[in-house]
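Below is one structure, written out as structure tokens; comments come after it.
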Amino acid sequence: MMLLAVCLKPLIHRLEEQPNGIRVHPQQGKTALVAYADDVSILVDAPEEITAIREAIQCYGKATGAVLNI
């Protein structure tokens, strides 16, 4: 489990750099990413954000050899 967390950390960090997300609670900031074990959910509020996310996932796949289910 720890190896999985270490391997996913660079991808999660890059995806968290994306400034957008959705507001889940009115008194909190926006949430753009939820990760648990090997499951990562990305929340967007505009279709154009998907392009940047797809590029980050493709870059991670090329660097690690991982095949990700988009």
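Rule-based calculations on the coordinates, nothing more; no lab input. Just so it is clear, the model here is predicted, and its values are computed rather than measured. Because the Cβ atoms are built from the backbone with ideal geometry, glycine has one as well, and the counts that use them run over all protein chains shown.
From the residues I42, L3, H13, which one has its Cα farthest along the dipole of the chain in the positive direction, the dipole being from +1 and -1 charges on Cβ of Lys/Arg and Asp/Glu about the Cα centre?
Toward the positive end, the furthest listed residue is L3.
Using the Cβ atoms and a cut-off under 13 Å, what net charge is assigned to the surroundings of R54, where Lys and Arg are +1 and Asp and Glu are -1? All intermediate terms of the calculation are to be shown ahead of the outcome.
Numbers: positive: R14, K62; negative: E48, E49, E55.
Around R54, the surrounding residues sum to -1.
State the Kirkwood hydrodynamic radius of the chain in Å, one decimal place, computed from all pairs of distinct Cα atoms. Write down the numbers at each step before the final one.
Numbers: mean 1/r = 0.0774 Å⁻¹.
For the chain, inverting the mean 1/r across all distinct Cα pairs yields 12.9 Å.
Calculate the dipole size of segment 2-64 relative to its Cα centre from +1 charges on Lys and Arg beta carbons and -1 charges on Asp and Glu beta carbons; express the result in debye to the nearest 20. Can you show the working numbers first?
On the way: 6 positive and 8 negative charges, 24 e Å.
In total the dipole reaches around 120 debye.
Would you please put 55-64, 35-44 in order of how densely packed they are, using the mean number of other Cβ atoms within 10 angstrom per residue and starting with the highest? Mind dumping the intermediate values first?
Working: 55-64: 13.8, 35-44: 12.2.
Highest mean packing first, the order is 55-64, 35-44.
Given the rule -39500 (n - 2.57) for each run of at least 4 DSSP H residues, summed and divided by the residues of the chain, what is its mean residue ellipticity at 222 nm, to the nearest 500 deg cm²/dmol?
On the way: 2 runs with 31 residues, N = 70.
Value at 222 nm, helices only: -14500 deg cm²/dmol.
Give, in nm to one decimal, the length gained when the segment between A66 and R14 is fully stretched (0.36 nm per residue of separation minus the Cα-Cα distance).
Values: separation 52, 0.36 × 52 = 18.72 nm, distance 1.58 nm.
Stretched fully, the A66-R14 segment lengthens by 17.1 nm.
What angle, in degrees between 0 and 90 and rounded to the nearest 10, separates the Cα long axis of helix 49-64 from the longest principal axis of the Cα atoms of the chain?
The two axes meet at around 20 degrees.
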